[in-house]
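Taking it in order: structure first as structure tokens, then the write-up.
The values are calculated or read from the model by the stated rules, or taken from the named source; none is laboratory data. Everything numeric here is computed off the predicted structure, so don't read it as measured data. When we count neighbours, we look across all protein chains shown, and the Cβ atoms used for this are built from the backbone with ideal geometry, even at glycine.
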Amino acid sequence: MPHPDVLVVGGGIVGMSCARAMAVRGHQVVVVESGSKTGAASRIAAGMLAPQAESAAEDQMLELAVRARDLYVELAPALSEEVGIDIGLWTGGILQVAFTDEEVADRKHEVASQRQSGFTAEWLTPDEVLERAPGISQEIQGAAYAPEDGLVDPQALLEALRKSAEARGVKIIEGEEVTSVVAGASGIEGVETGSGKLAAGAVVLAAGAWSGRIGGLARPLSVEPIRGQIAVLDWPPDEPPAIVYGAGGYVVNRGQQAVVGSTMEHAGFDATVTDEGLSRIRQIASHIYPSLTGQEVRYSWAGLRPQTPDGRPFIGPDPNVAGLWYATGHGRNGILLAGYTGELLAQLFSDEPIEHDLCCIDPGRFWAW
């Protein structure tokens, strides 16, 4: 096998985005994909693009996250033209409903903060919310509305990124487990797999929740799995499409389905759906849309989100090991940040100018003691 410029560990949406963006810039890229791991986040994500709906006021990540969301407006037609796959981009906005006085105060503060920062956000009265989503609980006291937030189809996005990457010369090695990175005195030399060593000029760790399990790193990588359980019910009849956050979760319309989630559990690498998790999901669904009370769960699943201590990803080079790069730890925002992660990593790798301050996602932020 030829010696690639870049070897990407992980063939999920983040890894494929990185591979594609590197290949666009003329780099020879190999992706090593261990196969479908139970709970791998890319294959089970709900697909929201919700930087404003999910951010707290004065969030350091907000500007990057909004840029990541807006990139899909360019990426969706580009992928459709390249490989003929519609990634299901929907930009109809997201409601974040408030049920209590405290939630009203928090949501209004977030709206004001986002507007002050130049982003589009609105506070809607209960009547205005019900005009958009008439089936929502009558108990709401209003909602923050992010009109530019939306969603994509994660399965279609992964397939499109993979096909685009392969068309640009990316080689994908499937069914191979990377056990460790290999570094010498001058930096990264490649990776070790169950079948032996693969040499590379640089290595990108994009293995999601499993990134911290890869050996050979100079220091432990603070990425841990957080289990999120999701269930699918029937969408309420005659209810217009909507994405609604509230009651500690969300309800997302996908055709005739209501995708409801999700839990956040420290359960290690156990991707089991539990009775307790489904009970919590039913509570979320019925609290937001009362007509979903008692609905049969059509199917359910659990995913493992790669979480860092501060909830922000690691994107960029290792501060001490030349040729070692990170694209992991995206937590709840893997789909949202995937496309922009690839672009940022490729720009940094290619010494292109960067338009944002990347301190909040610097891989060395926990190591600079």
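Please return the ranges of strands (runs of 3 or more DSSP E) entirely within region 287-369 where 2 or more residues are at pLDDT below 95 and on the phi < 0 side of the Ramachandran plot.
The qualifying strands (runs of 3 or more DSSP E) are 299-307.
Does Arg115 count as among the basic types (Lys, Arg), surrounded by fewer than 16 Cβ atoms within 10 Å (Cβ to Cβ) and either more than 17 Å from Gly334 (Cβ to Cβ) or touching a residue at least 60 places away in the same chain (Cβ under 8 Å) (or both)? So that I can check it myself, show each step before the final result.
Values: among the basic types (Lys, Arg): yes; surrounded by fewer than 16 Cβ atoms within 10 Å (Cβ to Cβ): yes; either more than 17 Å from Gly334 (Cβ to Cβ) or touching a residue at least 60 places away in the same chain (Cβ under 8 Å) (or both): yes.
The answer is yes for Arg115.
Please go through region 241-262 and give me each residue that is assigned to a loop (DSSP other than H, G, I, E, B) and at negative phi, ordered by number.
Once the filter is applied, which keeps residues that are assigned to a loop (DSSP other than H, G, I, E, B) and at negative phi, region 241-262 yields Pro241, Ala242, Gln256, Ser262.
Would you please name the residue that is nearest to Ser291 (Cα to Cα), looking only at residues in region 238-263 that are touching a helix residue (DSSP H, G or I) at 6+ places or on another chain (Cβ under 9 Å) and free of Cβ contacts under 8 Å to residues at least 40 places away in the same chain?
The selected residue is Ala258.
Residue under question is Gly212, and the condition is that it be under 21 Å from the mean Cα position of the chain (by Cα), of a type in the set (Gly, Ala, Ser) and either at pLDDT below 95 or part of a strand (DSSP E or B) (or both); does it hold? Working first, answer last.
Details: under 21 Å from the mean Cα position of the chain (by Cα): yes; of a type in the set (Gly, Ala, Ser): yes; either at pLDDT below 95 or part of a strand (DSSP E or B) (or both): yes.
Yes: the conditions hold for Gly212.
Scan region 226-233 and give yes if some residue there is within 24 Å of the chain's Cα centre (by Cα) and not in a strand (DSSP E or B), otherwise no.
no
The rows are residues; the columns are (1) within 28 Å of Arg312 (Cα to Cα); (2) crowded, with 22+ Cβ neighbours inside 10 Å; (3) in contact with a strand residue (DSSP E or B) (Cβ under 7 Å, 6 or more places away or on another chain).
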position: Ile188; (1), (2), (3): yes, yes, yes
position: Ala199; (1), (2), (3): no, no, yes
position: Ser211; (1), (2), (3): yes, yes, yes
position: Glu224; (1), (2), (3): yes, no, yes
position: Asp238; (1), (2), (3): no, no, no
position: Ile243; (1), (2), (3): yes, yes, yes
position: Gly248; (1), (2), (3): yes, no, no
position: Val252; (1), (2), (3): yes, yes, yes
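Is it the case that region 299-309 has a residue that's surrounded by 15 or more Cβ atoms within 10 Å (Cβ to Cβ) and free of Cβ contacts under 8 Å to residues at least 60 places away in the same chain?
First, pick out the residues of region 299-309 that are surrounded by 15 or more Cβ atoms within 10 Å (Cβ to Cβ): 300-308.
With free of Cβ contacts under 8 Å to residues at least 60 places away in the same chain added as a condition, the list becomes none.
Looking through region 299-309, none of the residues is surrounded by 15 or more Cβ atoms within 10 Å (Cβ to Cβ) and free of Cβ contacts under 8 Å to residues at least 60 places away in the same chain.
Does Ser164 satisfy being outside the structural domain of Arg282 (by TED's automatic domain parsing), under 23 Å from the mean Cα position of the chain (by Cα) and under 22 Å from Leu75 (Cβ atoms)? Talk me through it step by step, then tell me what you get.
Numbers: outside the structural domain of Arg282 (by TED's automatic domain parsing): yes; under 23 Å from the mean Cα position of the chain (by Cα): yes; under 22 Å from Leu75 (Cβ atoms): yes.
Spelling it out, Ser164 is indeed outside the structural domain of Arg282 (by TED's automatic domain parsing), under 23 Å from the mean Cα position of the chain (by Cα) and under 22 Å from Leu75 (Cβ atoms).
Please indicate, with yes or no, whether at least one residue in region 213-223 is in contact with an Asp or Glu (Cβ under 6 Å, 6 or more places away or on another chain) and of a type outside the set (A, V, I, L, M, F, W, C).
no
Kindly indicate whether any position in region 15-31 is buried (at least 23 other Cβ atoms within 10 Å of the Cβ), touching a helix residue (DSSP H, G or I) at 6+ places or on another chain (Cβ under 6 Å), modelled with pLDDT under 95 and closer than 22 Å to Trp210 by Cα.
No - not one qualifying residue is present in region 15-31.
Which condition from (1) modelled with pLDDT of 95 or more; (2) small (Gly, Ala, Ser); (3) under 27 Å from the mean Cα position of the chain (by Cα) is the one that Ala199 breaks?
(3)
So is Arg219 basic (Lys, Arg), in a strand (DSSP E or B) and either under 24 Å from the mean Cα position of the chain (by Cα) or within 21 Å of Arg365 (Cβ to Cβ) (or both) or not?
When the stated conditions are applied, Arg219 does not pass them.
Among (1) among the small types (Gly, Ala, Ser); (2) under 18 Å from Trp210 (Cα atoms); (3) surrounded by fewer than 17 Cβ atoms within 10 Å (Cβ to Cβ), where does Ala78 come up short?
All conditions pass for Ala78, except number (2).
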